[in-house]
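*Asks:* Dumping the structure here so I can ask a few things about it.
The values are calculated or read from the model by the stated rules, or taken from the named source; none is laboratory data. No experiment lies behind these values; they were computed from the predicted model shown. Backbone-built Cβ (ideal geometry, glycine too); neighbour counts: all protein chains shown.
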């Protein structure tokens, strides 16, 4: 596998922080899917519930109404590309897998819905588990850590052990430190400086930094100007051997990664 893989974000929500409401008609949805694929996405991550700070949860039925038709259309466009379902709900994950999703991306790390574990056991594809302090509704109120890296590392160790004890093969697990999920600027920068700590587990690491608000805190730039800084961070993550980069603008990050890896000096 060539690393990092670029995961293109497809939000079929009216209220996501970046592109909410942009891809809710069939025509715009197809156009965006085709664009992500043409730009070189290795994976497409489909989400039907916004996880931006202070977001309100949506019902299971509403989330299903958003993501299932989208995955079906995506499978018609490209039967082969890996598709990730971004959800914390077991029923949504199960039905998404039944219509063509191949990866489960659970920001709660299997903690929110007790039945998610059964879904994971029924299928043999990858499962992405993310660290989050609190919930989307509370995570940015006042996030605090004694040591953000050590606490995330301990969280992953506990989750890996739990999943292993439930018969889930460790090789299926992908770790996401959760940039922006219960973290302020300093926490996010610490994570990005210390990716090798998470790589020491031997498991793939995903970084989801795209267009996050820490760019505004750091650079004082609005949302529409964050794709170039996102690509810069993608390049730096690639040099730290990140396995998956989850981004909105696939092409910019793809090109930035190609340059970064071309310039990387081999050890010795």
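*Asks:* Among 64, 74, which is surrounded by 23 or more Cβ atoms within 10 Å (Cβ to Cβ) and either over 15 Å from the mean Cα position of the chain (by Cα) or in a strand (DSSP E or B) (or both)?
*Replies:* Numbers: 64 fails: surrounded by 23 or more Cβ atoms within 10 Å (Cβ to Cβ).
Exactly one of 64, 74 is surrounded by 23 or more Cβ atoms within 10 Å (Cβ to Cβ) and either over 15 Å from the mean Cα position of the chain (by Cα) or in a strand (DSSP E or B) (or both), namely 74.
*Asks:* Quick check on my filter: what residues within the stretch 124-150 are at pLDDT 95 or above and either in contact with a helix residue (DSSP H, G or I) (Cβ under 6 Å, 6 or more places away or on another chain) or part of a helix (DSSP H, G or I) (or both)?
*Replies:* Hits for the stretch 124-150 are 126, 127, 129, 131, 148, 149, 150.
*Asks:* What about residue 181, is it surrounded by 19 or more Cβ atoms within 10 Å (Cβ to Cβ), in contact with a strand residue (DSSP E or B) (Cβ under 9 Å, 6 or more places away or on another chain), within 26 Å of residue 253 (Cα to Cα) and modelled with pLDDT under 95?
*Replies:* Working: surrounded by 19 or more Cβ atoms within 10 Å (Cβ to Cβ): yes; in contact with a strand residue (DSSP E or B) (Cβ under 9 Å, 6 or more places away or on another chain): yes; within 26 Å of residue 253 (Cα to Cα): yes; modelled with pLDDT under 95: yes.
Yes, satisfied.
*Asks:* Also, I was wondering about something else. Identify, by number, the condition in (1) farther than 18 Å from residue 207 by Cβ; (2) assigned to a loop (DSSP other than H, G, I, E, B); (3) modelled with pLDDT of 95 or more that residue 24 doesn't meet.
*Replies:* Of the numbered conditions (1) farther than 18 Å from residue 207 by Cβ; (2) assigned to a loop (DSSP other than H, G, I, E, B); (3) modelled with pLDDT of 95 or more, the odd one out for residue 24 is (3).
*Asks:* Filter the stretch 201-211 for residues that are surrounded by 21 or more Cβ atoms within 10 Å (Cβ to Cβ), on the phi < 0 side of the Ramachandran plot and in contact with a helix residue (DSSP H, G or I) (Cβ under 7 Å, 6 or more places away or on another chain) and give the result. Quick ask: steps written out before the conclusion?
*Replies:* Quick first cut of the stretch 201-211, residues surrounded by 21 or more Cβ atoms within 10 Å (Cβ to Cβ) only: 204-211.
Of the ones still in play, those that are also on the phi < 0 side of the Ramachandran plot are 204-210.
The answer is 205, 207, 209, 210.
Residues are listed down the side, and each one gets a yes or a no for (1) in contact with a strand residue (DSSP E or B) (Cβ under 6 Å, 6 or more places away or on another chain); (2) buried (at least 17 other Cβ atoms within 10 Å of the Cβ); (3) modelled with pLDDT of 95 or more; (4) in a helix (DSSP H, G or I):
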position: 50; (1), (2), (3), (4): no, yes, no, no
position: 54; (1), (2), (3), (4): no, no, no, no
position: 69; (1), (2), (3), (4): no, no, no, yes
position: 79; (1), (2), (3), (4): no, no, yes, no
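*Asks:* Next up: I need a count of the residues in the stretch 94-113 that are farther than 30 Å from residue 184 by Cβ and touching a helix residue (DSSP H, G or I) at 6+ places or on another chain (Cβ under 8 Å). Show your work before the answer.
*Replies:* Step one: filter the stretch 94-113 for residues farther than 30 Å from residue 184 by Cβ, giving 94-102.
Checking the rest, the ones that are also touching a helix residue (DSSP H, G or I) at 6+ places or on another chain (Cβ under 8 Å) come to 94-97, 99-101.
So the answer is 7.
*Asks:* Do you know which residues across the stretch 234-268 are in contact with a strand residue (DSSP E or B) (Cβ under 7 Å, 6 or more places away or on another chain) and part of a loop (DSSP other than H, G, I, E, B)?
*Replies:* Selection gives 242, 243, 248.
*Asks:* I've got another one for you. Determine, yes or no, whether residue 111 is surrounded by fewer than 20 Cβ atoms within 10 Å (Cβ to Cβ), under 17 Å from the mean Cα position of the chain (by Cα) and farther than 24 Å from residue 5 by Cβ. Walk me through it before giving the result.
*Replies:* Details: surrounded by fewer than 20 Cβ atoms within 10 Å (Cβ to Cβ): yes; under 17 Å from the mean Cα position of the chain (by Cα): yes; farther than 24 Å from residue 5 by Cβ: yes.
In short, yes.
*Asks:* I'm told residue 237 meets every condition in (1) surrounded by 23 or more Cβ atoms within 10 Å (Cβ to Cβ); (2) within 18 Å of residue 36 (Cα to Cα) except one. Can you identify the failing condition by its number?
*Replies:* Only one criterion is unmet by residue 237, namely (2).
*Asks:* Can you name the condition, by its number, that residue 198 falls short on among (1) buried (at least 23 other Cβ atoms within 10 Å of the Cβ); (2) out of contact with any strand residue (DSSP E or B) (no Cβ under 6 Å at 6 or more places or on another chain)?
*Replies:* Looking at each condition in turn, residue 198 falls short on (2).
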